[in-house]
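The values are calculated or read from the model by the stated rules, or taken from the named source; none is laboratory data. It should be emphasised that the depicted structure is a prediction, and the values quoted were computed from it without experimental measurement. Heads up, the Cβs are rebuilt from the backbone with ideal geometry, glycines too, and the neighbour counts pull from every protein chain shown. Just so you know, the surface numbers come from the protein's heavy atoms only, side chains and all, with ligands and any DNA or RNA stripped out. Shrake-Rupley method; radii C 1.70, N 1.55, O 1.52, S 1.80 Å.
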Amino acid sequence: GKRNMDALSEEEKRLFPLKTVTSVVSLFESILKRTTEPDLALLSIIVGCIENTLTCNQQILSGAKSTVITTTVDETSEKLLAIPPVRKEDDFPEIEWPIVEALYVKFRAVIKSSVDVTQYGCSEFATRELVKKVSDVIWNTLTRSYYKDRAHLQSLYSYLTGNKLDCFGVALAVVAGCQVLGFNDVHLALSEDHAWVIFGLDGKETAEVTWHGKGNEDKRGQPVDAGIQARSWLYVSGNPVICSRFTEVASLVSSINPSITATTDSLEVASMQQALLWVLYDTGHLTRYPMALGNLADLEELSPTPGRCHCGQLFSQAIEVARRCYGNSHVYPYTYQGGYFYRNRMYKEALESWANAADAIRSYNYSREDEEIYKEFLEIANELIPFVMKVEGSGHSARSILKDSECFAHLLRFYDGICQWEEGSCTPVLHIGWAKPLVNTISKFDSQVRRHVVISCSEVAEEDTPATKPPEGKAEFHRENLDANANQVVLPWPLAKEQEQEERLVDSHVGGKTADQK
Ligand SMILES: FC(F)(F)Cc1cc2c(N3CCN(c4nnc(C(F)(F)F)s4)CC3)ncnc2s1
């Protein structure tokens, strides 16, 4: 029969005007169920329209009930403000189909009129020149200069109504533009702080299509191999999330930003994002996307969905995926989980997550474009851990973590990971600003506790390692390494080297027992 060339079916159009979370969820479910690939431009315009309507022209003083702030209004101002009747929390201003359709048609027209595909070969696959051309079209239609880190610049709605996009938004727009031109081999590749595209036969080619950070010359058009060779966290050792159309939908949903101000979120936008993430979770499109699982977990912590798993399980799932599918080269799954434990005063678990985060960073070389993760570790080391020491320090209970050798081991592993991250890097990581909190933190632990920590060397395991006892220097830090009364913990090698040298030093001076006599 007649191919329906419209973006939406008649049934889907009947869901408009969109004014509840439920209607947006129904629309997404319908589109995700189709046999054809979801249209990134259409979905990005829809969620962008809702987000920007609810967060950008919000008059807090209008007393609109949609925001989270608690306005302390006194009697007089109550009358003045004439607060409107409380709206259901998933109500939002009506989004009309003709508005969305007009923006969608405009995007397709901009792309098709700016790119003459006949100039780029006749293969079904995109070429580097084609990808660069689409990136140039987006790039050259952006406002000359604007605050790139502002919120709500990630969608095509922002691009089409304000000619502004953030770093992620440019990458998404390029992939959406290639989809308009029929190049379905062009897909998003996502690291924890950057985005690029893959394309060509078997998706073997890569290309930068957007900028990164401040004051860095953009590398648009170039492959990302150099970044991967440099072993910088920014390129996650060549383990980015390689998106399908569906994971690209997950990325545009995950990048929805409900914030109205630094301290206020829009309830409707947050509940829409949460509901859409569950739709993508149920259709299996978050399975290999740790950050989206982390985003969903954060939303669930704030407002648990009845009948859904506990947010703690989502944080754990994200870690599982990062270990199984991405060579444990992602850091955020551990800092998402550590943040959750910290907010819920589960400080021993938080220390373990942060030590695991440091294990993930240790094999990288720190480079100047890795500032985001540097700031993450700096905040953990110089704000969060000192706070834990402060609140735990007062407790003289035997159960205090300051008397727990496993906690001390987590702490040493945390610092050791950062030290090893610095080793071999061109850019230094640690400076005197790290030392004071470090010394302060380490010295808070009981000397008895410190005495019980056994440092072991974990050389690279050989194939024929005897299964019986862990050979000299082979024991890694595993739970089973705790001896019967669990008051000894074993640490991985890098720290042991220093400890052994220290002990040898001590022994030579005070004739104490050597390491192997203990
Ligand atoms: F494409 C770029 F360049 F933007 C890189 C990406 C970032 C990002 C994301 N983020 C970034 C990390 N992020 C975090 N929020 N809390 C974090 C943690 F520190 F608690 F771990 S990390 C929020 C969402 N969430 C989904 N997908 C992506 S793809």
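For the stretch 303-310, the count of residues that are assigned to a helix (DSSP H, G or I) and surrounded by fewer than 21 Cβ atoms within 10 Å (Cβ to Cβ) is zero. Quick check on the stretch 155-169. Is at least one of its residues touching a Ser or Thr at 6+ places or on another chain (Cβ under 9 Å) and farther than 22 Å from I260 by Cα? No, the stretch 155-169 contains no residue that is touching a Ser or Thr at 6+ places or on another chain (Cβ under 9 Å) and farther than 22 Å from I260 by Cα. N257 fulfils the conditions (1) in contact with a Phe, Trp or Tyr (Cβ under 7 Å, 6 or more places away or on another chain); (2) open to solvent by 10 Å² or more (accessible area, probe 1.4 Å); (3) over 18 Å from L32 (Cα atoms) except for a single criterion, (1). In this structure, is V439 over 30 Å from L234 (Cβ atoms), at pLDDT 50 or above and part of a helix (DSSP H, G or I)? Criteria met by V439.
Here L293 meets the list (1) within 14 Å of the chain's Cα centre (by Cα); (2) open to solvent by less than 10 Å² (accessible area, probe 1.4 Å); (3) closer than 30 Å to K204 by Cβ; (4) more than 12 Å from the ligand (Cβ to nearest atom) almost entirely, failing just condition (4). Just one of the listed residues (L142, L130, L181, L153) is out of contact with any Cys (no Cβ under 6 Å at 6 or more places or on another chain), open to solvent by less than 10 Å² (accessible area, probe 1.4 Å) and away from the ligand (no atom under 16 Å from the Cβ), and it is L130.
Against the list (1) more than 14 Å from the ligand (Cβ to nearest atom); (2) closer than 23 Å to S237 by Cα, the condition Y326 fails is (1).
Please work out if G162 is in contact (Cβ under 8 Å) with a residue 24 or more places away in the chain and either away from the ligand (no atom under 11 Å from the Cβ) or farther than 29 Å from A102 by Cβ (or both). No.
Selection of first residues in the stretch 428-439 that are closer than 11 Å to P386 by Cα and of second residues that are outside any helix (DSSP H, G or I), restricted to Cβ pairs under 9 Å at least 6 apart or on distinct chains, gives the following pairs, ordered by first then second residue: L438/L430. On the stretch given as the stretch 375-392, residues that are within 13 Å of the ligand (Cβ to nearest atom) and of a type in the set (V, I, T) total 1. Residues that are assigned to a loop (DSSP other than H, G, I, E, B) and surrounded by 21 or more Cβ atoms within 10 Å (Cβ to Cβ) were ranked within the stretch 330-350; the one that is nearest to the ligand (Cβ to nearest atom) is V331. With respect to the stated conditions, A357 is within 14 Å of the ligand (Cβ to nearest atom), in a helix (DSSP H, G or I), in contact (Cβ under 8 Å) with a residue 60 or more places away in the chain and aliphatic (A, V, I, L, M). Away from the ligand (no atom under 13 Å from the Cβ), modelled with pLDDT of 95 or more, under 20 Å from F92 (Cα atoms) and crowded, with 18+ Cβ neighbours inside 10 Å, is that true of Q317? The answer is no for Q317.
Look at L286 and say whether it is crowded, with 24+ Cβ neighbours inside 10 Å, within 14 Å of the ligand (Cβ to nearest atom) and not in a loop (DSSP other than H, G, I, E, B). No; evaluated as a whole, the condition is false for this residue. Within the option set S363, S353, being hydroxyl-bearing (S, T, Y) and surrounded by 18 or more Cβ atoms within 10 Å (Cβ to Cβ) holds for one residue only, S353. The single condition among (1) free of Cβ contacts under 8 Å to residues at least 24 places away in the same chain; (2) in a helix (DSSP H, G or I) that A398 does not satisfy is (2). Looking across the stretch 280-306, just one residue is among the β-branched types (V, I, T) and either more than 20 Å from T22 (Cβ to Cβ) or touching a His at 6+ places or on another chain (Cβ under 9 Å) (or both), and that is T287. Can G238 be described as out of contact with any helix residue (DSSP H, G or I) (no Cβ under 6 Å at 6 or more places or on another chain) and away from the ligand (no atom under 15 Å from the Cβ)? In short, no. In this entry, Y374 passes the filter for residues that are open to solvent by 20 Å² or more (accessible area, probe 1.4 Å) and part of a helix (DSSP H, G or I).
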